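Written below as structure tokens is the structure these notes are about.
We did not get these values from a lab; they are worked out from the coordinates using the rules stated. Note that the structure is a prediction, hence the values are computed from the model and not measured. Using ideal geometry, Cβ is built from the backbone for each residue, glycine included, and neighbour counts are taken over all protein chains shown.
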Amino acid sequence: QVQLVESGGGLVQAGGSLRLSCAASGSIFSINRMGWYRQAPGKQRELVAVVTRSAVTNYAASVKGRFTISRDKNMVYLQMNSLKPDDTAVYYCNAYAMVPGIDYWGQGTQVTVSS
């Protein structure tokens, strides 16, 4: 089992920055990939950014060049710059364990960007 706890959400004006943090505990040795997803009201949850154990990253096209994901031991971070109102959503930390093929999720943290 893996437990994930996010922090760092909040309210920010358009053009501003926020940094999200996620702490993993439990069977962290089993984690292959960590990342961030988001879900806006009335929309499906979507990938924002992921980083593998070997530090390979992948970003959604909508955030590329503005967001940076990083990972350090049991932590994963999302630095969000040049925020836009369209970035408003609940952001979820995710950890994927290839064996036994399980996705773990945090409780989510709200990010609101005002225009």
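So here's what we get for this one:
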{"item": "Euclidean distance of C-alpha centroids, region 71-115 and region 1-44, integer Å", "result": "3 Å"}
{"item": "Region 67-115 - percent relative contact order, Cα under 8 Å, separation 6 or more", "result": "33 percent"}
{"item": "Per-residue ³J(HN,Hα) for region 89-101, Karplus 6.51 cos²θ - 1.76 cosθ + 1.60, θ = phi - 60°, Hz, x for Gly and Pro", "result": "4, 8, 9, 10, 7, 10, 10, 10, 10, 4, 10, x, x"}
{"item": "Mean Cβ neighbour count within 10 Å, used as a protection proxy, ranking 69-77, 31-39 highest first", "result": "31-39, 69-77"}
{"item": "Cα-based reach from K43 at 21 Å (exclusive), listing lysines while leaving out same-chain residues under 8 positions away", "result": "K64, K84"}
{"item": "Per-residue HN-Hα couplings for region 67-79 [Karplus 6.51, -1.76, 1.60; θ = phi - 60°; Hz; x = Gly/Pro]", "result": "10, 9, 9, 8, 9, 9, 6, 9, 10, 10, 10, 10, 8"}
{"item": "Theoretical FRET efficiency, 1/(1+(r/R0)^6), r = Cβ-Cβ of S62 and I102, R0 35 Å, to 0.05", "result": "0.80"}
{"item": "Contact order normalised by residue count of the chain, Cα under 8 Å, 6+ apart, percent", "result": "36 percent"}
{"item": "Long-range amide H partners of T88 with built H, under 5 Å", "result": "V113"}
